[in-house]
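Chemist: One structure, pasted below without further comment.
The values are calculated or read from the model by the stated rules, or taken from the named source; none is laboratory data. All figures in this text were calculated on a predicted structure; none of them were measured in a lab. Quick reminder, even Gly has a Cβ in these numbers, built from the backbone with ideal geometry, and neighbours come from all protein chains shown. In case anyone asks, the SASA skips ligands and DNA or RNA and just uses the protein heavy atoms, side chains included. Shrake-Rupley method; radii C 1.70, N 1.55, O 1.52, S 1.80 Å.
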Amino acid sequence: MKKLIYCVIIVFITSMGYSQKTTSLKVSESNQFKDKVKSEGVISLHTSPSGLTGIVRNSKKHLLFDVFNESLERKKNILIEIDKKESVYGNLSFGNITKIFTVFSPSKKERIVYCHEFNISDGSHSKTKLFRTEVEKNQSIFSGGNKRETGFAMSPNGQYFVVSTDNIKKNSNSYTVHIFNSETLDLIFKKEYQENKEKFYEANDLSIDDNRNVYSLGKLFLNGRSEKKGGRANYDFLLNKISESGIITEKVNDSKDEHINSLIISNINNEIRLIGFYSDERAGKIKGTLIFNVDTDYLKITENKVFKLPESVYKDLYSENKAKRKKDKEAELSSYYVDYVLDDSLGNTYLLAEEFFITQVYVSNGMNGGYWTTTFHYNNVLVIKLNKAGELEWGRSIFKRASAPSYNAFVKDNQLHVILNSGKNLSEKEDGRVKVSKGWLESTSLYDIVFDEAGVQYNKIQDNKGNTFYTPYYGAYNGDRFVTISRSGGKKQFLILE
């Protein structure tokens, strides 16, 4: 008993050392409301130019469309019935309209893509059939498993959108892009690309500019479908420019010394850049950041910039001596996946990637055999800032531990905010590192972690004990406000940060 009390005291003392500030964001909550059916999660959240917020959620048999005023008082609540064979695959928003894309599977070979349009201003809904396609072996037409959306994209001016579908066949695979007018939903043109009977192509990112040019970035596997062969990258990154007049394809990087871990398209004012991480050792690890500037007229890589991870990244994750050793050895990080690419009003770009991996442990029941337990790890977050000129300004990390998707991020007033739940009292290590995790017997709190030129601030939004528990992962930032919803339960409530 004494040992137990002693352990509790030690945990309490070690969690007391970090002085926490309160967030500078304005915090408010909506009134509680109850749904007619049980919702499963937020699909889309968008604020119209007039200040109304439209939120679309899904359930097993319905789409739920709610319209809230600026105080988040619910003004409209509409239930849209969908078929049990109809599933949500993506969403796009612009102006007063939110588009939700669903796929109806009436048979093993037939797929029909629909667009549900929700008008935030008047609360109306319409459903339009976009196209029909056939598949083999009950395949999905959106089979990518990336965190970033690879099937849908909208032009910066909101006038056009593209839907990219997989065409996986027995002896080959390819992709088809359908380009639509956003207002009328008329098909402008469609094109099939990357058809190959010998090599497999996997789409990784998608963009469309104001001139209806589609840019698709993906991996062309050299042998089979494995990402690595003997530790080496088994793929080339290809950038495709697809227009009404034709298709141009360019290999992104000819150097085999740099294994590109991940790569995304950054489209700012119709200027295309490719941003990602690379490794010198082997595919799947991170040594630093890559930037490729693209001449879109001729689809040529005009400049390639490489930046190693700064020491501050390691100092946030490891003790001072270990961080220095890792920096000196140029140690590489593993198992990081890009979650967010965010831009501020000054032309800076923020790149956020989370460490994710799965572990399995066999639990023995003695003579009765045993079973496997699977644990998902959503751990440290890598944060990189690139300036308008495409130079690395700084890099930091969040020393984090979680077992489920836990954070969201947005840029407000040229500051990067990371919103997440952690232990009530963040613990500071003797070497100055701040660990973002929940301790034994500890309650939780909601935090706003702010990154700017001055460094990192860990600001508390609320203690969750005695208050509504909110899930930042299911929130969204739009119209200078971040809105997230309470976790599953009978009554719902929204948290607003602005």
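Chemist: Take the conditions surrounded by 15 or more Cβ atoms within 10 Å (Cβ to Cβ), touching a Gly at 6+ places or on another chain (Cβ under 8 Å) and among the hydrophobic types (A, V, I, L, M, F, W, C) and apply them to ILE78. Does it pass?
Modeler: On the way: surrounded by 15 or more Cβ atoms within 10 Å (Cβ to Cβ): yes; touching a Gly at 6+ places or on another chain (Cβ under 8 Å): yes; among the hydrophobic types (A, V, I, L, M, F, W, C): yes.
Yes.
Chemist: While we're looking at this one, here's another question. Would you call GLY123 modelled with pLDDT of 90 or more and in a loop (DSSP other than H, G, I, E, B)? Outline the logic, then answer.
Modeler: Working: modelled with pLDDT of 90 or more: yes; in a loop (DSSP other than H, G, I, E, B): yes.
Yes: the conditions hold for GLY123.
Chemist: From LYS305, LYS329, which residue is among the charged types (D, E, K, R) and in contact (Cβ under 8 Å) with a residue 12 or more places away in the chain? If you could, list the steps in order and put the result at the bottom.
Modeler: On the way: LYS329 fails: in contact (Cβ under 8 Å) with a residue 12 or more places away in the chain.
Sole residue among the options that is among the charged types (D, E, K, R) and in contact (Cβ under 8 Å) with a residue 12 or more places away in the chain: LYS305.
Chemist: Right, TYR215: at pLDDT 85 or above, under 22 Å from the mean Cα position of the chain (by Cα), in a strand (DSSP E or B) and hydroxyl-bearing (Ser, Thr, Tyr) or not?
Modeler: On the way: at pLDDT 85 or above: yes; under 22 Å from the mean Cα position of the chain (by Cα): yes; in a strand (DSSP E or B): yes; hydroxyl-bearing (Ser, Thr, Tyr): yes.
For TYR215, the condition - at pLDDT 85 or above, under 22 Å from the mean Cα position of the chain (by Cα), in a strand (DSSP E or B) and hydroxyl-bearing (Ser, Thr, Tyr) - is met.
Chemist: Residue pairs, Cβ under 6 Å, 6 or more apart or interchain, first in the range 466-495 and open to solvent by 70 Å² or more (accessible area, probe 1.4 Å), second hydroxyl-bearing (Ser, Thr, Tyr) and outside any loop (DSSP other than H, G, I, E, B). List them.
Modeler: Note: pairs meeting the criteria are ARG487/THR471.
Chemist: So ASN459 passes all but one of these: (1) part of a strand (DSSP E or B); (2) buried (at least 17 other Cβ atoms within 10 Å of the Cβ). Which condition number does it fail?
Modeler: So ASN459 meets the others, but not (2).
Residue-wise test of (1) in contact with a Leu (Cβ under 8 Å, 6 or more places away or on another chain); (2) part of a strand (DSSP E or B).
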site	(1), (2)
ASN240	yes, yes
THR249	yes, yes
ILE264	yes, yes
ASN267	no, yes
ARG273	no, yes
GLY276	yes, yes
ARG282	no, no
PHE292	yes, yes
ASP297	no, no
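Chemist: For the range 179-208, enumerate the residues that are outside any strand (DSSP E or B), modelled with pLDDT under 90 and surrounded by 13 or more Cβ atoms within 10 Å (Cβ to Cβ).
Modeler: We begin by selecting, within the range 179-208, every residue outside any strand (DSSP E or B); these are 182-186, 197-200.
Then keep just the ones that are modelled with pLDDT under 90; that gives 197-200.
Once the filter is applied, which keeps residues that are outside any strand (DSSP E or B), modelled with pLDDT under 90 and surrounded by 13 or more Cβ atoms within 10 Å (Cβ to Cβ), the range 179-208 yields LYS199, PHE200.
Chemist: For the range 363-403, name all the residues that are open to solvent by 50 Å² or more (accessible area, probe 1.4 Å), farther than 22 Å from SER266 by Cα and not in a strand (DSSP E or B).
Modeler: ASN365, GLY366, MET367, ASN368, ARG401, SER403 - these are the residues of the range 363-403 that are open to solvent by 50 Å² or more (accessible area, probe 1.4 Å), farther than 22 Å from SER266 by Cα and not in a strand (DSSP E or B).
Chemist: Another question, then. Among the residues in the range 408-415, are any surrounded by 19 or more Cβ atoms within 10 Å (Cβ to Cβ) and over 25 Å from TYR278 (Cβ atoms)?
Modeler: Yes.
Chemist: Need pairs with beta-carbon distance below 6 Å; first residue outside any strand (DSSP E or B) and within the range 408-425, second open to solvent by less than 10 Å² (accessible area, probe 1.4 Å); sequence gap 6+ or separate chains.
Modeler: If the second residue must be open to solvent by less than 10 Å² (accessible area, probe 1.4 Å), the pairs left are LYS424/SER445.
Chemist: If you don't mind, another one. Quick check on my filter: what residues within the range 342-362 are more than 18 Å from SER403 (Cβ to Cβ), touching a strand residue (DSSP E or B) at 6+ places or on another chain (Cβ under 8 Å) and either open to solvent by 30 Å² or more (accessible area, probe 1.4 Å) or among the basic types (Lys, Arg) (or both)? Steps first, please.
Modeler: Within the range 342-362, the subset more than 18 Å from SER403 (Cβ to Cβ) is 342-353, 362.
Now drop any that are not touching a strand residue (DSSP E or B) at 6+ places or on another chain (Cβ under 8 Å), which leaves 342-344, 347-353, 362.
Answer for the range 342-362, where residues must be more than 18 Å from SER403 (Cβ to Cβ), touching a strand residue (DSSP E or B) at 6+ places or on another chain (Cβ under 8 Å) and either open to solvent by 30 Å² or more (accessible area, probe 1.4 Å) or among the basic types (Lys, Arg) (or both): LEU342, ASP343, TYR362.
Chemist: Identify the single condition in (1) over 22 Å from the mean Cα position of the chain (by Cα); (2) within 25 Å of VAL42 (Cβ to Cβ) that GLN360 does not satisfy, given that it satisfies every other one.
Modeler: Failed condition: (2).
Chemist: Among the listed residues ASN223, ASN167, identify the single one that is in a loop (DSSP other than H, G, I, E, B) and over 22 Å from ASP297 (Cα atoms).
Modeler: Numbers: ASN167 fails: in a loop (DSSP other than H, G, I, E, B).
One residue alone meets the criteria, ASN223.
Chemist: Separate question: Could you list, in sequence order, all residues of the range 170-222 that are under 18 Å from PHE131 (Cβ atoms) and among the basic types (Lys, Arg)?
Modeler: Of everything in the range 170-222, those that are under 18 Å from PHE131 (Cβ atoms) and among the basic types (Lys, Arg) turn out to be LYS190, LYS191, ARG212.
This table checks each residue for (1) modelled with pLDDT of 95 or more; (2) under 29 Å from ASN157 (Cα atoms); (3) aliphatic (A, V, I, L, M); (4) part of a strand (DSSP E or B).
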{"position": "LEU63", "(1), (2), (3), (4)": "no, yes, yes, yes"}
{"position": "VAL67", "(1), (2), (3), (4)": "no, yes, yes, yes"}
{"position": "LYS75", "(1), (2), (3), (4)": "no, yes, no, yes"}
{"position": "ILE78", "(1), (2), (3), (4)": "no, yes, yes, yes"}
{"position": "ASP83", "(1), (2), (3), (4)": "no, no, no, no"}
{"position": "VAL88", "(1), (2), (3), (4)": "no, yes, yes, yes"}
{"position": "SER93", "(1), (2), (3), (4)": "no, yes, no, yes"}
{"position": "LYS99", "(1), (2), (3), (4)": "yes, yes, no, yes"}
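Chemist: I've got another one for you. If you check VAL294, VAL338, VAL313, VAL306, which single one turns out to be crowded, with 16+ Cβ neighbours inside 10 Å, farther than 30 Å from GLU430 by Cβ and at pLDDT 90 or above?
Modeler: Working: VAL338 fails: at pLDDT 90 or above; VAL313 fails: farther than 30 Å from GLU430 by Cβ; VAL306 fails: crowded, with 16+ Cβ neighbours inside 10 Å.
Every option except VAL294 fails the conditions.
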